[in-house]
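These notes concern the structure reproduced below.
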Amino acid sequence: ACVGRYATTPYTIKKAWVRVYCAEELAFYICNNASLLEEDFFCPALLEWLEEECDLPLTAKRIRSQKRVDDRLETLVRTYLQDIRFVSPQEMDELEKLLQANRSMSGVQKCKIQGDYFLQNKKIVLAQECYQSLLEQLDPETDREMLASVYHNYGVAFAKLFLYEQAGKYFKMAY
């Protein structure tokens with residue numbers, strides 16, 4: 001049995017193109033993809049979905065109230081996960097540390113993490129879009145390690161599409 005109810009209309013987490021149907025699926029996504037979360041994750045549309053589709057008006061209200069007091073992502077995640085009792089206090093502490101560390105990441109680092117997420121989850125075209133964007137942003141003189149990693153993963157993406165010639169080109173550039 002889930003907290004609230006299963007939604008008839010899923011909520012789409014656009015950053016990862018993932019659909020969730022209940023509070024637990026959302027919690028699972030949060031816990032396993034914390035590095036993809038942005039400060040605006042608990043947006044009005046998500047809170048409305050929790051309220052109406054999952055029948056969790058008190059949870060939505062608590063998050064809205066918390067946002068007025070302290071709108072840091074880690075605080076809102078803690079409020080949500082405690083409300084649906086999804087993680088232990090130790091797991092929550094670990095997650096909170098990860099979210100705090102993510103706040104100091106640059107946009108380039110976050111884009112790389114998102115590209116890697118897409119690659120790992122077989123969303124190859126989305127991964128390629130992230131890597132292409134990174135290649136346009138990175139400086140070959142100062143970002144050599146990141147650039148090598150992006151070239152490598154871009155090559156992997158091409159290989160997964162059976163485009164071995166392009167894959168080889170990017171593997172060579174990574175080397």
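The values are calculated or read from the model by the stated rules, or taken from the named source; none is laboratory data. This is a predicted model, so every value here is computed, not measured. When we count neighbours, we look across all protein chains shown, and the Cβ atoms used for this are built from the backbone with ideal geometry, even at glycine. These accessible areas exclude ligands, DNA and RNA; they are computed on the full protein's heavy atoms, side chains included. Shrake-Rupley method; radii C 1.70, N 1.55, O 1.52, S 1.80 Å.
Condition test on E48, is it free of Cβ contacts under 8 Å to residues at least 24 places away in the same chain, over 23 Å from R103 (Cβ atoms) and surrounded by fewer than 18 Cβ atoms within 10 Å (Cβ to Cβ)? If you could, list the steps in order and put the result at the bottom.
On the way: free of Cβ contacts under 8 Å to residues at least 24 places away in the same chain: yes; over 23 Å from R103 (Cβ atoms): yes; surrounded by fewer than 18 Cβ atoms within 10 Å (Cβ to Cβ): yes.
Criteria met by E48.
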**Asked** Picking from T75, T59, which residue would you name as being open to solvent by less than 30 Å² (accessible area, probe 1.4 Å), free of Cβ contacts under 8 Å to residues at least 12 places away in the same chain and among the β-branched types (V, I, T)?
**Response** T75
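Just checking, which of E141, E136, E165, E145 is modelled with pLDDT under 90 and either open to solvent by 50 Å² or more (accessible area, probe 1.4 Å) or not aliphatic (A, V, I, L, M) (or both)?
E141
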**Message:** Restricting to the range 23-36, and then to whatever is open to solvent by less than 10 Å² (accessible area, probe 1.4 Å) and in contact with a helix residue (DSSP H, G or I) (Cβ under 7 Å, 6 or more places away or on another chain), can you tell me which residue is farthest from Y117 (Cα to Cα)?
**Reply:** A23
**Request:** Consider only pairs whose beta carbons are under 9 Å apart and that are at least six residues apart or on different chains; among these, list those whose first residue lies in the range 8-20 and is closer than 16 Å to I124 by Cα and whose second residue is of a type in the set (K, R).
**Result:** A16/K123; W17/K123
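Test R85 against the stated conditions and say whether it is in contact (Cβ under 8 Å) with a residue 60 or more places away in the chain and of a type in the set (D, E, K, R).
Working: in contact (Cβ under 8 Å) with a residue 60 or more places away in the chain: yes; of a type in the set (D, E, K, R): yes.
When the stated conditions are applied, R85 passes them.
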**Item:** Residue that is nearest to L135 (Cα to Cα), among those in the range 155-174 that are without any contact (Cβ under 8 Å) to a residue 24 or more places away in the chain and part of a loop (DSSP other than H, G, I, E, B)
**Value:** L163
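Helices (runs of 4 or more DSSP H) wholly in the range 27-122 with at least 1 residues that are aromatic (F, W, Y) and under 17 Å from K14 (Cβ atoms) - which ones?
Numbers: elements: 44-52, 57-69, 73-84, 89-103, 107-120.
Helices (runs of 4 or more DSSP H) meeting the threshold: 44-52, 107-120.
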